[in-house]
Amino acid sequence: MECDRLSQQMKFIAEIDNLKQVLRRTVTLGAARNENSAEHSWHIAVMAMVLAEYAEGNIDLCRTIKMMLVHDLVEIYAGDTYCYDEEAGKDKVEREAAAADRIFAMLPADQTAEFRSLWEEFEAGATAEARFASSLDRLQALLLNYHTRGVTWHKHGVRREQVIARAAPIEAGSRVLWKYARALIDDAVAQGLLKPKGGV
C-alpha cells in the first residue's frame, strides 16, 4: 500500500517538472529570456515570505505559500494564457479546470483533495490568503515589466489602462502594495516604458 502511494507521489513529482517548460510572456531581469511558470511560482512564494506584513488581515502564511506553489501547475496542460490576450482567455476557465482534474488526480486521494482545494481557493479569491496570493501574482509580473523597461508591454502594445485593470485586484490583498503598484505604473508612463491611454 505504502509503495503504491509513494509511486503515485513520485510520478506527480516527475510530472510537475514540466512546469519549467511553460514559458510566460514576461522576461527575466536583464531581458535575457522568457520566465517560465515554475520560476514565477517560486518567485511569488518568496515574495509572500518577504511581504506578508502588508497583507490585509491576518493570513496563514504557510497556506498562502502552498497556494502559490500549486496555482500554476494546471499550466503544464493548459499552457500559460497571456492576460492581455482576450481571445485566448475565452476558454481559459474550462482548459484549466480540465488540467486540474488531470494533474491533481495523479496524487493519492487525500493529497488530490488538498491540492485541488488550494487551487480552487486561489481561483475563487474568497479568502484573505487567496487575495494576498493573487496580489503578489499580479505584482510580480508588473515588477518584471517595470524592471525590464517595459519590453513585454511594448512588444504587445499594452497601455496604462490595461495594466491598471489587471493590477487592480492587488488592492483587495494589500492596500500598501496597491499604492506601490500605482506609483510604479505612473512612473512607467512617465519614463515612456508604458503607453498612456490613447497614447502612441
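The values are calculated or read from the model by the stated rules, or taken from the named source; none is laboratory data. Not measured: the values here are computed from a predicted model. Neighbour counts run over all protein chains shown; Cβ positions are idealised from the backbone, glycine included. In case anyone asks, the SASA skips ligands and DNA or RNA and just uses the protein heavy atoms, side chains included. Shrake-Rupley method; radii C 1.70, N 1.55, O 1.52, S 1.80 Å.
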Scope region 122-156; condition buried (at least 18 other Cβ atoms within 10 Å of the Cβ), touching a strand residue (DSSP E or B) at 6+ places or on another chain (Cβ under 7 Å) and assigned to a helix (DSSP H, G or I); matching residues: ALA141, LEU144, ASN145, THR152
Condition met for TYR82 (within 16 Å of ARG138 (Cα to Cα), open to solvent by 70 Å² or more (accessible area, probe 1.4 Å) and touching a helix residue (DSSP H, G or I) at 6+ places or on another chain (Cβ under 9 Å)): no
Filter result (within 17 Å of PHE104 (Cβ to Cβ) and among the hydroxyl-bearing types (Ser, Thr, Tyr)) within region 28-77: SER37, SER41, TYR77
Cβ pairs under 6 Å, 6+ apart, first in region 2-18 and closer than 21 Å to ALA38 by Cα, second assigned to a helix (DSSP H, G or I) and open to solvent by less than 90 Å² (accessible area, probe 1.4 Å): ASN18/ILE76
Any pair with Cβ under 8 angstrom, 6 or more apart, that starts in region 113-130 at a residue that is under 9 Å from HIS71 (Cα atoms) and ends at one that is open to solvent by 50 Å² or more (accessible area, probe 1.4 Å): LEU118/ARG63; LEU118/LYS66
Residue check for SER7: closer than 20 Å to GLU114 by Cα and surrounded by fewer than 13 Cβ atoms within 10 Å (Cβ to Cβ): yes
Positions within region 101-118 being in a helix (DSSP H, G or I) and either open to solvent by 20 Å² or more (accessible area, probe 1.4 Å) or at positive phi (or both), in sequence order: ASP101, ARG102, ALA109, ASP110, GLN111, THR112, ALA113, GLU114, PHE115, ARG116, SER117
